[in-house]
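Below you'll find the structure, written out as structure tokens, and then a few comments.
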2 protein chains.
Amino acid sequence: MPNQPTRKSDRTRARILAAARELFGEHGFDGVSLRDIAGQADADPALLIRYFQSKDRLFAAAAEIDLRLPELTGARPDDVGCILAAHFVETWEDPRTGTGLRVLLRSAPTQKETAERMRAIFAGQVMPAIRAVDRSGASDWKAAIIASQVLGFALTRYILELPAMTHMPGDELARHLGRLIQTILDSERITDADP
Amino acid sequence: MPNQPTRKSDRTRARILAAARELFGEHGFDGVSLRDIAGQADADPALLIRYFQSKDRLFAAAAEIDLRLPELTGARPDDVGCILAAHFVETWEDPRTGTGLRVLLRSAPTQKETAERMRAIFAGQVMPAIRAVDRSGASDWKAAIIASQVLGFALTRYILELPAMTHMPGDELARHLGRLIQTILDSERITDADP
DNA sequence: GCGATATGTCAACAGTTGTTGAAAAATGGA
DNA sequence: TCCATTTTTCAACAACTGTTGACATATCGC
């Protein structure tokens with residue numbers, strides 16, 4: 001039976017992937033061995049290779065994400081910051097999507113390929129979304145600063161876990177971030193003459 | 001001769017430390033082996049242990065930093081954001097201080113003790129500095145958000161190296177960041193009634 | 001029952017890691 | 001020169017890594 005709707009191995013494959021996402025998200029690529037993942041998934045280390053070919057490919061599968069940024073073209077310009085911030089908090093708090101993001105952000109600083117993937121996500125998903133709502137000619141620096149804000153919030157709250165950040169309720173966090181994003185979107189390019 | 005002004009070994013010790021700072025800052029704790037550092041410092045791997053006892057202690061020595069935040073009590077309130085931002089860019093761009101910061105931020109996501117050290121720096125250096133210039137009762141969340149902004153800038157520019165961030169001139173970066181920090185300092189606490 | 005295929009287990013490989021202790025070389029004062 | 005101390009080198013250790021291939025077990029149509 002080559003391709004039945006649900007094969008026996010698909011469930012263990014999913015178990016392995018779930019364990020990998022959880023451990024990679026908490027300790028990063030180098031902090032987790034295949035035997036660690038195999039132990040958590042109740043599987044043999046050789047199976048991980050059988051199903052995912054290599055540790056890198058397993059990590060790549062665990063780090064697969066889609067930002068699913070909301071459509072912004074129809075939104076009121078003053079609401080864009082709020083919308084983006086709310087979407088950010090939702091995506092990071094929901095384990096189904098947040099775990100993958102944690103995997104990515106946790107390992108990107110020490111894994112060159114992961115950093116490259118984040119750059120690709122920025123160029124392919126974040127920049128187009130900002131361009132769609134920014135009528136000023138050069139919106140690239142706005143996208144970059146917004147990305148730095150969002151990643152700064154994520155880093156301090158979910159990765160470094162600064163107490164002042166983890167203690168903040170999600171909706172308050174969203175309002176702060178929304179305000180800041182809106183500030184960037186509304187601002188003009190800073191020139192040398194600016195104080 | 002027990003304690004001459006400059007002993008022979010002090011120079012190789014310094015060479016080892018410099019190599020460690022450079023490599024740890026670029027690849028993180030797990031991405032660098034003692035043999036890598038020894039190779040770069042033209043020394044024997046055993047020497048690193050002899051001088052620093054263990055890899056963890058060597059890393060700790062390489063990650064030793066002091067933010068040296070400027071005295072803000074006398075500054076005009078409207079200038080604080082600009083002052084902090086300028087100090088931030090200087091500290092990160094200067095290799096003497098920037099390398100140590102890179103070591104810290106690169107490894108903090110995967111090294112629990114390094115993350116703990118960053119939390120300590122935040123509590124011991126950043127929060128007091130913000131408290132000194134903020135007259136509103138609760139300035140802790142302001143300090144947390146400012147830290148997230150600063151770390152977001154550092155992460156995207158020096159660690160992930162988003163092109164839109166690395167291409168930005170230092171002074172432009174400082175002006176953007178200064179504006180944002182000032183916005184946070186001037187803002188009031190957000191309540192549920194806030195749109 | 002049989003045989004084929006899919007699934008899981010086991011032991012072992014070659015390489016790298018941090019760390020150690022003993023031996024060798026360099027250094028400088030007597 | 002010889003001696004004592006500092007500085008460096010060398011070889012090896014035990015543990016862990018990703019990965020492999022051979023073997024065992026289960027599953028299911030017939």
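The values are calculated or read from the model by the stated rules, or taken from the named source; none is laboratory data. The structure presented is a predicted model; accordingly, all values stated were derived computationally and were not measured. Here Cβ is always computed from backbone atoms with ideal geometry, including for glycine, and neighbour counts include all displayed protein chains. Quick note on the areas: whole protein, heavy atoms, side chains included, nothing else; ligands and nucleic acids left out. Shrake-Rupley method; radii C 1.70, N 1.55, O 1.52, S 1.80 Å.
If you go through region B:77-98 and keep only what is open to solvent by 40 Å² or more (accessible area, probe 1.4 Å) and farther than 19 Å from B:His176 by Cα, you end up with B:Asp94, B:Pro95, B:Arg96, B:Thr97.
Tell me yes or no: at least one residue of region A:140-153 is farther than 20 Å from B:Ser148 by Cβ and not assigned by TED's automatic domain parsing to the domain that holds A:Gly28. Yes, region A:140-153 contains at least one residue that is farther than 20 Å from B:Ser148 by Cβ and not assigned by TED's automatic domain parsing to the domain that holds A:Gly28. One residue stands out among those in region B:110-152 that are open to solvent by 40 Å² or more (accessible area, probe 1.4 Å), assigned to a helix (DSSP H, G or I) and among the hydrophobic types (A, V, I, L, M, F, W, C): the one that is farthest from B:Ala62 (Cα to Cα), which is B:Ala132. List the pairs whose first member sits in region B:114-129 and is under 13 Å from B:Ser148 (Cβ atoms), whose second member is hydrophobic (A, V, I, L, M, F, W, C) and open to solvent by 50 Å² or more (accessible area, probe 1.4 Å), and whose Cβ atoms are under 8 Å apart, counting only residues at least 6 apart or on separate chains? Going by the 8 Å Cβ cut-off, the qualifying pairs are B:Val126/B:Leu69.
Scanning region B:51-62 for residues that are surrounded by 13 or more Cβ atoms within 10 Å (Cβ to Cβ) and either away from DNA strand C (no atom under 16 Å from the Cβ) or away from every other protein chain (no Cβ under 14 Å) (or both) yields B:Tyr51, B:Phe52, B:Arg57, B:Leu58, B:Ala60, B:Ala61, B:Ala62. Taking the conditions (1) at the interface with chain B (Cβ under 7 Å from one of its Cβ atoms); (2) outside any helix (DSSP H, G or I) in turn, A:Glu172 satisfies each one other than (2).
Restricting region B:180-195 to residues that are open to solvent by 50 Å² or more (accessible area, probe 1.4 Å) and either farther than 20 Å from B:Ile145 by Cα or more than 7 Å from chain A (Cβ to nearest Cβ) (or both), the residue that is modelled with the highest pLDDT is B:Asp186.
Just one of the listed residues (B:Ala123, B:Ala108) is farther than 26 Å from A:Phe29 by Cβ and within 16 Å of the chain's Cα centre (by Cα), and it is B:Ala123. All of (1) crowded, with 21+ Cβ neighbours inside 10 Å; (2) assigned to a loop (DSSP other than H, G, I, E, B); (3) in contact (Cβ under 8 Å) with a residue 40 or more places away in the chain hold for B:Leu155 with one exception: (2). Return the residues of region A:67-76 that are in contact with a helix residue (DSSP H, G or I) (Cβ under 8 Å, 6 or more places away or on another chain) and open to solvent by 20 Å² or more (accessible area, probe 1.4 Å); say none if nothing qualifies. Hits for region A:67-76 are A:Leu67, A:Arg68, A:Leu69, A:Pro70, A:Thr73, A:Ala75.
Of the residues making up region A:20-36, those that are more than 18 Å from the chain's Cα centre (by Cα) and open to solvent by less than 50 Å² (accessible area, probe 1.4 Å) number 4. Residue check: B:Arg135 meets all listed conditions (1) modelled with pLDDT under 95; (2) at the interface with chain A (Cβ under 8 Å from one of its Cβ atoms) but one, namely (2). Is there a residue in region B:139-161 that is away from chain A (no Cβ under 11 Å) and out of contact with any strand residue (DSSP E or B) (no Cβ under 8 Å at 6 or more places or on another chain)? Looking for residues that are away from chain A (no Cβ under 11 Å) and out of contact with any strand residue (DSSP E or B) (no Cβ under 8 Å at 6 or more places or on another chain), one finds none in region B:139-161, hence no. The criterion of at least 2 residues that are touching a residue at least 40 places away in the same chain (Cβ under 8 Å) is met, among helices (runs of 4 or more DSSP H) falling completely within region A:1-101, by A:8-27, A:55-62, A:80-93.
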